[in-house]
Amino acid sequence: MSKIVQNVVIITKTSSDEAYRTATGVSALLLRRKVKVYAMHPLSGENMTSISAESIGELDPDLILAIGGDGTTLKAFRIPPFQIPVLSINIGGHKGILSELRSGSLEYIVQSLLSGNHFQDCRMRIQASTKGIRTVPVLNDILFTRVSLTRTPLLSITIMGEKIEEKMDGIIVSTPTGSTGHSFSVGGPILHESLHCLMLSPVASISRFPFLVLPVEDIQIKSSHESTLTLDGQETHTIPAEQKITISRSPIDACFLRMKKRGIRQLEKLGFK
């Protein structure tokens, strides 16, 4: 990133004292170097300007620091309506698959940011729309699943002009980045993050509907029963029976800030290296 870092927003995992300490430590180092630091509510600290999620777009910061686990990173990417680089630091998280750094030298982090020793890694995102309403973009996946636990719905899925009807609990539409998320837990493959494709992962399909890797085109889904639409495992919407939703690529990609290149970084994060 050639742009000089002058304004930084910090988002933390609210339930982690370690993440809070890291946030205040990084903030102090940035402030010492004349960088303006904003803290997204509920984070607060000395010399940090408090800011709401809604105000980030007006600020147009140079960088967002997401300090916590993967949930904090996913939250950071859903806030801005435009492309702001995010540096993810895994503090208080589990595997931190999306993160670039773990706890370590705060001096190294700040020096790397200000010296330009980093690069941008952009990833595709997806979003859902129904009846003229469009959801926020998500980085990992969109889960469409039944509400009633006693009735298996018939899902109608239209992909590449072909309509498929199958009885199943639900379906996951994920990006390559999200292939290590919910899809992986139901047996889906890992896709390299740089690919431009979508993956459909069935949930408890009666006819054992296969996993599909598809070109990036709109996907339409509707269910014979009331369903729940879950965005990145953090935001849910109720979808009435027979109401069609369309899942499409977001026009704005997510952008990670990286310190070094890695081959298949997901394998390392999952503990296979």
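The values are calculated or read from the model by the stated rules, or taken from the named source; none is laboratory data. On a predicted model such as this, the values are computed, not experimentally measured, just so you know. Backbone-built Cβ (ideal geometry, glycine too); neighbour counts: all protein chains shown. When the accessible area is computed, the model is the full protein with side chains, heavy atoms only, and any ligands, DNA or RNA have been set aside. Shrake-Rupley method; radii C 1.70, N 1.55, O 1.52, S 1.80 Å.
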Practice task
Determine the alpha carbon to alpha carbon distance for each of 163/269; 95/244; 95/261; 75/95; 13/36 and list only those over 27 Å.
Solution key: 163/269; 95/244
Exercise for the section: Can you send over the carbon and sulfur percentage of the accessible area for region 61-171, probe radius 1.4 Å, protein chains only? Expected result: 51 percent
Fill in the blank from the handout: One finds the C-alpha centres of region 92-133 and region 174-218 to be spaced, in Å, by 22 Å
Completion exercise
To the nearest Å², the heavy-atom accessible area per residue of region 59-218 with 1.4 Å probe amounts to 41 Å²
Problem - Given charges at Cβ of Lys, Arg, Asp, Glu: the chain dipole, positive-most of 149, 86, 41 - result: 86
Fill in the blank from the handout: Whole-percent carbon and sulfur contribution to the accessible surface of region 1-60 (1.4 Å, no ligands, DNA or RNA) stands at 45 percent
Practice task
Averaging sequence separations of C-alpha pairs under 8 Å and six or more residues apart, then dividing by the length of region 146-252, give the relative contact order as a whole percent.
Solution key: 26 percent
Handout entry: region 108-199 - charge dipole about Cα centre, Lys and Arg +1 at Cβ, Asp and Glu -1, debye rounded to 20
Key = 340 debye
Exercise for the section: Could you check what % of the DSSP bridge pairs in the chain are antiparallel, to the nearest 5? Expected result: 70 percent
Exercise for the section: Could you work out the local net charge near residue 250, counting Lys and Arg as +1, Asp and Glu as -1, over the other residues with Cβ closer than 10 Å to its Cβ? Expected result: +2
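Would you work out if region 12-101 is rounded, prolate or oblate? Take a ≥ b ≥ c from the square roots of the eigenvalues of the alpha-carbon gyration tensor; rounded if a/c is under 1.5, else prolate when a/b is larger than b/c, oblate otherwise.
oblate
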Exercise for the section: Please list 176-183, 25-32, 154-161 highest first by mean number of surrounding beta-carbon atoms within 10 Å per residue. Expected result: 176-183, 25-32, 154-161
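In region 200-273, carbon and sulfur make up what percent of the accessible area (probe 1.4 Å)? Write down the numbers at each step before the final one.
Working: 1940 of 3750 Å².
So the carbon and sulfur contribution to the accessible surface is 52 percent.
Kindly identify region 1-159 as rounded, prolate or oblate by the Cα gyration tensor criterion: order the square roots of the eigenvalues as a ≥ b ≥ c, call it rounded if a/c is under 1.5, otherwise compare a/b with b/c, prolate if a/b is larger, else oblate.
In terms of gyration-tensor shape, prolate.
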Exercise for the section: Determine the dipole magnitude for the chain: charges of +1 sit on the beta-carbon of Lys and Arg, -1 on that of Asp and Glu, nothing else is charged, the reference point is the Cα centre, and the result goes in debye to the nearest 20. Expected result: 500 debye
